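Heads up, the thing below is written out as structure tokens.
The values are calculated or read from the model by the stated rules, or taken from the named source; none is laboratory data. Just so it is clear, the structure is predicted and the values come from calculations on it, not from any experiment. With ideal geometry, Cβ positions are generated from the backbone for all residues, glycine too; neighbour counts draw on all protein chains shown. Surface areas here come from the heavy atoms of the whole protein model, side chains and all, with no ligands, DNA or RNA. Shrake-Rupley method; radii C 1.70, N 1.55, O 1.52, S 1.80 Å.
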Amino acid sequence: MDKELFIKKANLFHRNPANPILDASTWPYKVNSVFNPGAIEVNGETILLVRVEDLRGISHFTIARSKNGISDWEIEPHPVMMPEPETHPEEIWGIEDPRIMWIEEKQSWFIAYTAYSRGGPLVSLAETKDFKTFKRLGPVMPPEDKDAALFPRRFNGRWIMLHRPVTTYFQGRGHIWLSFSPDMKHWGDHQIILEARDGAWWDAHKIGLGPPPIETSEGWLILYHGVRQTASGSIYRLGLALLDLNDPRKVVKRGDTWVFGPEEPYERVGDVDNVVFSCGWIHDRNDDTIRMYYGAADTCICMAEAKLKDLLDYLLK
Ligand code: BMA
């Protein structure tokens, strides 16, 4: 048995005992479910941009704040970003799964999210400085495409985005793509960088980016979800890969095993069983800890911690 399989057993991520840390019952207004939040830290405060599914099945975003990132959440009494189908028809069936990136050059947060259009889910971008008002940049990838995040800076003058189109050519399989843009609005030079594997693999059917990439000395660390189809539905698990620091088109390493999967009852059973799905993680550089926030079973929000060093060791050793 190789080393990597052994490390998987050692558990890289540790679930918080308070899981689920947020669910529909704690929401200030009536909702169906809360899950797949974007996550950032500002002045020591954790801010989650939470995907909230209302009682029609349509999603919007609401902010939840906490000093310790685990408990005493202050949930804003109203949605902070609602779908706006009158001016943005691509948001007719909701907005989902935000990934947030601080862009130093623009002194702004940029949010890549899924807009659920009549033609299927697509990638939209929005900009905010205060998480109160949001400026939409509009749809940047046609459907079907989701699971997008920006890198925090330009590479040779161009922005880079990871995303996951689905094509009929691959019989509904989905791979992670990378595209370039001079202005964040017009994207091109599209290429596949990470493919779903085949057959019995845990990430055989579809893969998609989880949270935005984290810059490390070894490369850009990415967490991605892999979907395995079974007789009783899909299983969503998470795996790791490293992309080259200067040229993220190059995959430096990819783990073979998943590093986090549905095990606890709140991950096994919910609106969509057997799903762990992450759109946000926060790296605390003081103690090298990563707090990974994730949706469990498309129903509630949980958190698990890992040491960045352990994740890199797993990939590199
Ligand atoms: C994916 C996304 C996620 C969701 C997951 C499991 O395609 O739509 O929002 O959590 O499916 O249902």
Quiz item: What are the lysines whose alpha-carbon lies under 18 Å from the alpha-carbon of LYS146, with same-chain residues fewer than 8 places away excluded?
Solution: LYS185, LYS206
Quiz prompt | Radius ratio Rg over Rh of the stretch 202-317, counting only Cα atoms, Kirkwood formula for Rh | solution = 0.98
Quiz prompt | Label point distance in nm, LYS185-ALA18, each placed 7 Å from Cα along Cα→Cβ | solution = 4.3 nm
Quiz item: Using the per-residue mean of other Cβ atoms lying within 10 Å as a proxy for protection, in what order, highest first, do the peptides 36-42, 193-199 fall?
Solution: 36-42, 193-199
Quiz item: Residues of the stretch 33-180: accessible area per residue at 1.4 Å, in Å²?
Solution: 41 Å²
Quiz item: In Å, what is the Rg of the alpha-carbon atoms in the stretch 186-245, and how long is Dmax?
Solution: 13.4, 42
Quiz prompt | Radius of gyration, Dmax [the stretch 117-225; alpha carbons; angstrom] | solution = 14.7, 45
Exercise. Provide the FRET efficiency to the nearest 0.05 for the GLU264-ASP313 pair, computing r from the beta carbons and using R0 = 25 Å.
Key: 0.50
Self-check item: ARG154-GLU74 pseudo-label distance in nm [points 7 Å out on the Cα-to-Cβ vector]
Solution: 3.8 nm
Quiz item: Can you work out the FRET efficiency for the pair ASN286 and TRP201, with r the C-beta to C-beta distance and R0 = 51 Å, to the nearest 0.05?
Solution: 0.90
Quiz prompt | Rg/Rg_globular for the stretch 134-291, with Rg_globular taken as 2.2 N^0.38 Å and Rg from C-alpha atoms | solution = 1.06
Quiz item: Can you work out the FRET efficiency for the pair MET82 and GLN229, with r the C-beta to C-beta distance and R0 = 41 Å, to the nearest 0.05?
Solution: 0.80
Exercise. Please report, as a whole percent, how much of the solvent-accessible surface of the chain comes from carbon and sulfur atoms (probe radius 1.4 Å).
Key: 50 percent
Self-check item: Stokes-Einstein diffusion coefficient of the stretch 12-316, Kirkwood radius over Cα pairs, 20 °C, 1.002 mPa s, in µm²/s
Solution: 112 µm²/s
Quiz item: Based only on the alpha carbon positions, what is the Kirkwood hydrodynamic radius of the stretch 61-181, in angstrom?
Solution: 15.5 Å
Self-check item: Extension gain, ILE192 back to TYR169 (0.36 nm per residue minus Cα-Cα distance, nm)
Solution: 6.9 nm
Quiz item: Dipole size in debye (nearest 20) for the chain around its Cα centre, Lys and Arg Cβ +1, Asp and Glu Cβ -1?
Solution: 500 debye
Exercise. Please state, rounded to one decimal and in Å, the Kirkwood hydrodynamic radius that the stretch 97-151 gives when every pair of distinct Cα atoms enters the mean of 1/r.
Key: 11.3 Å
Quiz item: So, in nm, how far is label ASP54 from label ILE92 when the simple model puts each one 7 Å beyond its Cα toward the Cβ?
Solution: 1.7 nm
Practice problem: Enter the per residue convex hull volume of the stretch 152-213, computed from alpha-carbon coordinates, in Å³ rounded to the nearest integer. | Solution: 93 Å³
